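**Q** Got a structure for you, questions after.
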Amino acid sequence: MAYGEKVIDHYENPRNIGAMDKSAANVGTGLVGAPACGDVMKLQIQVSADGIIEDAKFKTFGCGSAIASSSLITEWVKGKSLDEAENIKNTQIAQHLALPPVKIHCSVLAEDAIKAAIADFRGKAATVGGRAAQNVAAEAAAE
Amino acid sequence: MSAEAKKNIRLPIYMDYQATTPTDERVVQAMLPYFTEVFGNPHSRSHSFGWEAEAAVEDARAKVAKLIGASPKEVIFTSGATESNNLALKGVARFYKDRKDEIVTLITEHKCVLDACRHLEEEGFKVTYLPVQQNGIVDLERLREAITERTAIVSVMTVNNEIGVIQPMAEIGTICREKGAFLHTDAAQAAGKIPLDVDAMHIDLMSISGHKMYGPKGIGALYVRRKPRVRLQALINGGGQERGMRSGTLPTPLCVGFGKAAEIAGDEMGADAERIRMLSERFLDAINTRLPDVVLNGDRERRYPGNLNLSFSYVEGESLMMGMRDIAVSSGSACTSASLEPSYVLRALGVDEEMAHTSIRFGIGRPTTEAEVDYTVETVVKHVQKLRQMSPLWEMVQEGVDLKSIRWSDH
C-alpha cells in the first residue's frame, strides 16, 4: 500500500509519544480498539484548572495510518478546551492525512480515543468531590 | 553494520521469494531463441519449424519430470499452479463423480485450492476441510478418519506458502493408497527446493509453478499419474493438446525456460538448500538474540528454512513493514489486504488474532546474501524496538498487565 506524505511524516516523526500518570486528577486517559482488530490507541490529556488541554500523549499499536491519526490528534487537541477537542471529527483527520477508504477506521479510532480521554477526565472531576463520602459508605458496608 | 558492508547492498532488498522469484539469467538465455528463431507452433506436424519447437518442448517436459521423479508422459504444461490446482481438483472430481463425490483438504491450503473446493461444493461435492495442529502439520489419524470410500481426491500442500511447514507427504500418500483415494499436492513452494519423488511419496497429482523456482511466470505443470491411471475431465477444451487434458498451443519459450529452471534446481538443490539453511539460521538466531517475544509460526524443524514467518508481539505488522520500506516482505497482518482479516493460515494454527496481526513472512532465496540478511536484521530490530516504545500493549505488559484481562472495545 502506498502511503500519503503526511502519514509517512507522522509515522517517522510521531508527535507526543509517551505516557502520563493515569491516576492523576488532571489527567484523562482513553484506551480504545482491540489487539485482535489490529489496533489499540491510548491517548492521554492533561487538563488545566480552567479546562484547557495543556498536554497530550499517545501510544498506538496499529498500522501507519493508526499511528499517524493518533499523532495528529495529539497535536490538534493541545491548547483546545475540552468542548473544542470533543468536536474534532474523524473526517477532518482522514481528510488531513488523505487516508484511503480502507483506513478510515483509524481516524474513527482517534476520535473515539480523544472522546474516551475527555470522558475519563470528566468522570474523575465529577467523582473527586464525592469520593471521600463514597469511601466512607463502602467501608461502612464492608463492616 | 559497517558502512563498508552497507555499500555492498542494493536497495530495496527482496525478501518475498514465496510470492515469486526472479527468472534465472541462464533460464532467460535458454528461452530467447524460442521467441524469434525457433518460433514454430510445437503442434505443427508438417514442417521443421513445428518439429524443432516440439523437440524443445519435449526436452523441457523431460527436465520437469525428472525433478519430481516422474515420466515425461505424466507431465502436462499449464499456465501455472493455480490452473494446475483447479485442473487436478475439478478435473478428478467431475470425472469420478458418479462413484465418488467427496474431497478432503486442509484449511491451510492455498486460496486457489480452497476456492476451487468451494465451487465444487456448489456443484454438489462434499468437501472436508481438516484443521491442522498447532505446528501447522496435519494430524494423520484425523486425515485417515476423514477419507471415506466416497473420497475421490485428497489435496494437501507439500510446503505451505505462508509458514513454510512441510507436510508428511509420503505418510499421507500411504494412507490415501490404503483408502483408495487419489492424492494431489500443491508443490509450488516445494518443487526445486526440497527433494520430491512422486513414486516414493505415492503422489497421484502434483501442481508446480515456473516462477516460484526461478523460471518464467505464466507456466506451470500438473503431474498426472499413469500407473494406476488417474483420469480427469479437461477444463479447457480445444485441439486436444496435452493428451486432451489441456488444450491450447504450448508457449514454447515458457516451456523451455521452465525446463531449464527445473534442470538448474535439480543440479543445484543440495548447495542451494545448504546456503539457505545457513542464512535462515543466521537470521533467526540474530533476531532471537536481540529481540524478546518473537515467535516463529509453524513447526521449527519440519519446514523449508527459506520461509520464516515471525510474530513480533505487540507490534502491528503493517507498521513494521512501513518502517522497513527498503525490504520487500509480506505480512500476515490484516491491514495489508482490503479484508482486514488476519491470515487464515495463522488462525488455523491457533495463533491469536492479535499475534496474527504482528506477523511478517521473510523469504530467503537463491540470490539472498549474508549482507542482505544482516541488513534486514538491523532494520527489523531497530523498528521493532521503536514501535514497541510506542505500543500501549508493550507498555501494559511491562507493567505486568495481562492483556487477556482487559475488556477491549469492538470496532
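**Q** Compute the Cα gyration tensor for chain A, then decide on rounded, prolate or oblate, letting a ≥ b ≥ c be the square roots of its eigenvalues: rounded whenever a/c is under 1.5, prolate when a/b is larger than b/c in the other cases, and oblate in all that remain. Walk me through the intermediate numbers first.
**A** Numbers: a/c = 2.70, a/b = 2.03, b/c = 1.33.
It is prolate, given that a/c is not under 1.5 and a/b is the larger ratio.
**Q** Another question, if that's okay. Equivalent-ellipsoid semi-axes (√(5λ), Cα gyration tensor) for the range A:3-83, whole Å, largest first? Don't skip to the answer; put the middle values down first.
**A** Numbers: eigenvalues 105, 46, 17 Å².
Values for the range A:3-83, descending: 23, 15, 9 Å.
**Q** So, one more: Go through B:Gly239, B:Pro228, B:Ser207 and say which Cα lies farthest out towards the positive end of the charge dipole of the range B:169-244; charges sit on Cβ, +1 for Lys and Arg, -1 for Asp and Glu.
**A** B:Gly239
**Q** Cα gyration tensor of chain B, axes a ≥ b ≥ c as square roots of the eigenvalues: rounded (a/c below 1.5), prolate (a/b > b/c) or oblate? It would help to have the intermediate numbers written out before the result.
**A** Details: a/c = 2.29, a/b = 1.38, b/c = 1.66.
The shape class here is oblate.
**Q** Using a loss threshold of 40 Å², tell me which positions in the range B:378-399 are less accessible in the complex than in their chain alone. Probe radius 1.4 Å, ligands and nucleic acids ignored.
**A** B:Lys386, B:Met390, B:Pro392, B:Leu393, B:Glu395
**Q** Skipping prolines and chain starts, which residues have an amide H placed within reach, meaning under 5 Å, of the one on B:Tyr314, given they are 5 or more residues away or on another chain?
**A** HN-HN under 5 Å from B:Tyr314: empty list.
**Q** Which residues' amide hydrogens lie under 5 Å from the amide hydrogen of B:Asn307, considering only partners 5 or more residues apart or on another chain, with H built in the peptide plane?
**A** B:Ile364
**Q** If you don't mind, there's one more thing I want to ask. Quick one: how many Å² of B:Arg177 are accessible to a 1.4 Å probe, rounded to 10?
**A** B:Arg177 exposes around 100 Å² with every protein chain in place.
**Q** Hey, got the Cα dimensions of the protein assembly as shown along the principal axes, in Å, largest first?
**A** 98, 59, 41
**Q** Still on this structure, I have one more. For the protein assembly as shown, with only Lys/Arg (+1) and Asp/Glu (-1) charged at the beta-carbon, what is the dipole magnitude about the Cα centre, in debye rounded to 20?
**A** Details: 63 positive and 73 negative charges, 261 e Å.
About 1260 debye.
**Q** Hey, if we sort A:Lys124, A:Lys103, A:Lys22 by accessible area with the 1.4 Å probe, largest down, what's the order? Spell out each step's value before the answer.
**A** Values: A:Lys124 30, A:Lys103 0, A:Lys22 120 Å².
Solvent-accessible surface, decreasing: A:Lys22, A:Lys124, A:Lys103.
**Q** On the accessible surface of the range B:336-389, probed at 1.4 Å, how many percent belong to carbon and sulfur atoms?
**A** Numbers: 940 of 1910 Å².
Summing carbon and sulfur atoms, their accessible area is 49 percent of the total for the range B:336-389.
**Q** Round to a whole angstrom and tell me the spacing of the C-alpha centers of the range B:8-80 and the range B:217-271.
**A** Comparing the Cα centres of the range B:8-80 and the range B:217-271, I get a distance of 10 Å.
**Q** List the pairs from A:Lys78/A:Lys124; B:Lys63/B:Lys111; A:Lys42/A:Lys103 whose alpha-carbon separation is above 24 Å, in the order I gave them.
**A** Details: A:Lys78/A:Lys124 20 Å; B:Lys63/B:Lys111 28 Å; A:Lys42/A:Lys103 18 Å.
In this structure, B:Lys63/B:Lys111 exceed 24 Å between Cα atoms.
**Q** Still on this structure, please answer the following. Could you give the angle, 0 to 90 degrees to the nearest 10, between helix B:48-67's Cα long axis and the longest principal axis of the Cα atoms of chain B?
**A** With both axes taken from Cα atoms, the answer is about 50 degrees.
**Q** Carbon and sulfur atoms: what percent of the 1.4 Å accessible area of the range B:265-335 do they account for?
**A** Carbon and sulfur together cover 48 percent of it.
**Q** At 1.4 Å probe size, with every protein chain present, just tell me what the per residue accessible area of chain A comes to in Å². Write out the running numbers ahead of the final one.
**A** Working: 6240 Å² over 143 residues.
Accessible area per residue, chain A: 44 Å².
**Q** Considering only protein heavy atoms and a probe of 1.4 Å, how much of the accessible area of the range B:144-241 is carbon and sulfur, as a whole percent? Each step should come with its number before you reach the end.
**A** Working: 1600 of 3280 Å².
C and S atoms contribute 49 percent here.
**Q** In percent, how large is the relative contact order of chain A, given Cα pairs closer than 8 Å and 6 or more residues apart? It would help to have the intermediate numbers written out before the result.
**A** On the way: 233 pairs, mean separation 38.7, N = 143.
So the answer I get is 27 percent.
**Q** Any residues in the range A:53-102 that have 20 Å² or more less accessible area with all protein chains than in their chain alone, probe 1.4 Å, and which are they?
**A** A:Lys59, A:Thr60, A:Phe61, A:Gly62, A:Cys63, A:Ile67, A:Val102
**Q** Compute the accessible area per residue over chain B, keeping the other protein chains in place, probe 1.4 Å, unit Å². Mind showing how you got there, number by number?
**A** On the way: 16940 Å² over 411 residues.
Each residue of chain B exposes 41 Å² on average to a 1.4 Å probe.
**Q** Next up: What 222 nm value per residue comes from the helices of chain A, counting each DSSP H run with n ≥ 4 as -39,500 (n - 2.57) and dividing by all residues, nearest 500 deg cm²/dmol?
**A** Values: 5 runs with 74 residues, N = 143.
Rounded to the nearest 500, it is -17000 deg cm²/dmol.
**Q** For the range B:162-234, compute the number of Lys pairs whose alpha carbons are separated by less than 27 Å, excluding pairs fewer than 8 positions apart on the same chain. Intermediate results must be reported in sequence, preceding the final value.
**A** Values: B:Lys179/B:Lys227; B:Lys193/B:Lys212; B:Lys193/B:Lys217; B:Lys193/B:Lys227.
Lysine pairs satisfying the spacing and distance rule in the range B:162-234 number 4.
**Q** For chain B, modelled as a GNM with alpha-carbon contacts under 10 angstrom, which of B:Glu318, B:Glu162, B:Glu123 fluctuates the most?
**A** B:Glu123
**Q** In whole percent, what relative contact order does the range B:1-132 give with Cα contacts below 8 Å and a gap of six or more residues?
**A** Working: 98 pairs, mean separation 17.1, N = 132.
In percent, rounded to a whole number, it is 13.
**Q** Can you give the relative contact order of the range B:78-164 as a percent, counting alpha carbon pairs under 8 Å and 6+ residues apart?
**A** Value for the range B:78-164: 38 percent.
**Q** While we're on this one: Taking 41 Å as R0, compute the FRET efficiency from the Cβ-Cβ separation of A:Asn26 and A:Glu5 and round it to 0.05. Intermediate results must be reported in sequence, preceding the final value.
**A** Details: r = 36 Å, r/R0 = 0.87.
Plugging the Cβ-Cβ distance into 1/(1 + (r/R0)^6) gives 0.70.
**Q** How tilted is helix B:111-122 with respect to the longest principal axis of chain B? Cα atoms for both, answer in degrees (0 to 90, nearest 10).
**A** The angle comes out at about 60 degrees.
**Q** Which value, in debye to the nearest 20, describes the size of the charge dipole of the range B:283-411 about its Cα centre when Lys and Arg Cβ atoms bear +1, Asp and Glu Cβ atoms bear -1, and nothing else is charged? Mind showing how you got there, number by number?
**A** Numbers: 13 positive and 19 negative charges, 44 e Å.
Taking the Cα centre of the range B:283-411 as origin, the dipole is about 200 debye.
**Q** As I understand it, the value is the acute angle between the Cα axis of helix B:252-290 and the longest principal axis of the Cα atoms of chain B; what does it come to in degrees, rounded to 10?
**A** That helix lies at roughly 20 degrees to the long axis.
**Q** Using a 1.4 Å probe and ignoring any ligands, DNA or RNA, find the accessible area of B:Ile107 and quote it in Å² to the nearest 10.
**A** Roll a 1.4 Å probe over it and B:Ile107 shows about 60 Å².
**Q** Now a separate question. Under 5 Å between amide hydrogens, which residues at least 5 positions from A:Asn26 or on another chain qualify, with H placed 1.01 Å from N in the peptide plane?
**A** Counting only residues 5 or more places away or on other chains, the set is empty.
**Q** Using only protein heavy atoms and a 1.4 Å probe, how much accessible area in total is buried between B and A, to the nearest 100 Å²? Display every interim value, and only then the final one.
**A** On the way: alone 18350 and 7560 Å², together 23180 Å².
By this definition, chains B and A bury close to 2700 Å².
**Q** Can you tell me the dipole magnitude for the range B:118-238 around its Cα centre, using point charges on the Cβ only (Lys, Arg +1; Asp, Glu -1), in Debye to the nearest 20? Spell out each step's value before the answer.
**A** On the way: 15 positive and 14 negative charges, 90 e Å.
Around 440 debye, computed over the range B:118-238.
**Q** Just to make sure I understand: if all protein chains stay in place, what is the order of B:Phe39, B:Phe362 by accessible area at 1.4 Å, largest first? Please list the in-between numbers first.
**A** Values: B:Phe39 125, B:Phe362 0 Å².
I get B:Phe39, B:Phe362, largest accessible area first.
**Q** Put simply, what bits of the range A:1-31 lose 50 Å² or more of accessible area when the other protein chains are there, versus the chain on its own (1.4 Å probe)?
**A** Residues losing area: A:Tyr3, A:Tyr11, A:Leu31.
**Q** Quick one: ranking B:Arg229, B:Arg347 by accessible area, 1.4 Å probe, largest first, what do you get?
**A** Numbers: B:Arg229 150, B:Arg347 100 Å².
The most accessible residue leads, giving B:Arg229, B:Arg347.
**Q** Using Cα-only point scatterers and the Debye equation, what is log10 of I(q)/I(0) for the range B:94-236 at each q in 0.13, 0.22 Å⁻¹, rounded to two decimals?
**A** -0.54, -1.65
**Q** Could I ask something else about it? Tell me which lysines have Cα within less than 18 Å of A:Lys80's Cα, excluding those fewer than 8 residues away on the same chain?
**A** Once the sequence-local lysines are set aside, what remains near A:Lys80 is A:Lys57, A:Lys89, A:Lys115.
The values are calculated or read from the model by the stated rules, or taken from the named source; none is laboratory data. As the structure is a prediction and not an experimental result, all values here were calculated from the model. Cβ: placed from backbone, ideal geometry, glycine included. Neighbour counts: every protein chain shown. Note: areas computed on protein heavy atoms with side chains; ligands, DNA, RNA excluded. Shrake-Rupley method; radii C 1.70, N 1.55, O 1.52, S 1.80 Å.
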